[in-house]
Amino acid sequence: MAPKRPHTQKSLSEARSRENRYDELQKKTMRNPQQMNLGFDAIPPSRSDAEHLVDERRKQKAQFAKPRAKTVPKSQPKGSSQTKPSTKKESPHHAQPIHSSEKTKKREKTISKKKSTPSTSKQPKKRKADSKKPVKRTKSKPAKKGRSTRGSLHIQLSLPIFIVMVVVIALLSGSLIAWKIVDFRHTKPVASTSLSTTSATVVIEPGMSARAVSQLLAQHAVITDAKDFERYLESIGHSTRIQAGTYEFTPGLTHALVAEMLVDPNTQSSVGKAISVFPGFTLEEIDNRLAEMSVIEAGTFIDAAAYVVQERGLPFAEGWFLSGSYDLKTEGSVSLALARTMQDACNNALRPYLGELENMSITLADAVVIASLVQRETNDPEQMSEIAGVIYNRLQADMSIGIDASLRYRFDAWNRDLNTAELASNDPYNVRRVKGLPPTGIGAPSPAAIQAAMQPASHDWLYYLHDREGNLHFAETYVGHQDNIEKFF
């Protein structure tokens, strides 16, 4: 083993001298082992000191809890032996920091001396003056208005969350208001869609008011609510035009149809009149035409068509009313009579071809829809069966039939071009994108269109177009259809 170097011995001696100095310094600064390691040099309190302090606090609480002594009435003589109780309020004793047990013993002696001195009637003048001072009562602060003194719920929200909540509430309330406005604009006045439930014969006496007539109709269950019907008569100006007579009301009539039957002037104005329902006319266009003729109130024919559909169990209304020229009858409801006549004419036009449905893969309702589509594509009877053949070929090939007239009916765009959003929509009437037939017809078919739908031409064409002169050009493929477009346009 190599000998230790001299400088190493010197370092050890210096380290030992530092340790000795540190030990001496530690002895000088060491605390009394009986003391606790506190922030001051006080001996910790004993158990007896703690118990004595608790007893003192209990006595103080009991003293403050005692009721105040009653003051002596003024009528009591001065020489009375009773002593006036001292009303001077003693300040509560607050425990001071404990430094030693000797200090606590001295404090106990002073407290016991104060308690041992009884209060006598003979007191210095200063004491009497002090006793006359009113005792200050500590009043509890009243609770603020709008705030409960009991536990209240406080919710704290960050500013971004609060702003988002305000925006969401504003959007919801605005949507609700807009929905109410739109619903109000599209709602007919005063519950005009309530239906009667039973047939009845009602006699309207001369001079009866609108209220009396409404109550009479409600008693016979022709209408469901007399007040609603009376308000409806007022809204359309018929409350003073009701005519006396005997009326036969069938079940399911709307307010509009009942009102039309009660007002004879409308019926008399239609004497000798006729209406021409052009091929392809929609129910709305027929209703508008009758209103322009001052025969009915607007919307009455639409209600009559809906009534006939319900009465006869039809799947939909549009397409089941045949175009043509019709005389307007003078008895009962003009709208209801016309709707029944037009539907009867449609049934008569379909009846000769019902046997052919057994060999076809469509229903009678499908044939009505195809007839209305063909009617909107052309007015030439010679072209109708060819177009119907294209529709059948596309249905069998599981292709979309691609007739824009269906989408024009949906958006009432007969006199304008369809926009990009309408053409790209997944609406059931957009038969460019949705395969199959639209859910309803799109107008009043003619007898020629019904014949074409029931007896389509047999060919392999899948495409057709009209040139500027109205001539048809067919193609079996899309390439051939593109060639026709370049050739004729």
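No value in this document is a laboratory result; all are computed from the given coordinates. Please read these numbers as outputs of a predicted model, since none were measured by experiment. Cβ placement follows ideal geometry from the backbone for every residue including glycine, while neighbour counts extend to all protein chains displayed.
Quick notes on this structure:
- Gyration tensor (Cα) of segment 360-488, equivalent ellipsoid semi-axes in angstrom: 19, 19, 15
- Between Ala274 and Asp366, the FRET efficiency from the beta-carbon distance, with R0 = 41 Å, is close to 0.80.
- Range of Cα positions in segment 190-262 per principal axis (Å), largest first: 27, 25, 18
- Cβ charges +1 (Lys, Arg) and -1 (Asp, Glu), total dipole of segment 392-489, debye: 260 debye
- Straight Cα distances below 16 angstrom link Lys59 to the aspartates and glutamates Asp49, Glu51, Glu90, Glu108, with same-chain residues fewer than 8 positions distant left out.
- For segment 317-394, the list of GluC sites (Glu not before Pro) that fall in a loop by DSSP and count at most 14 other C-beta atoms within 10 angstrom reads Glu331.
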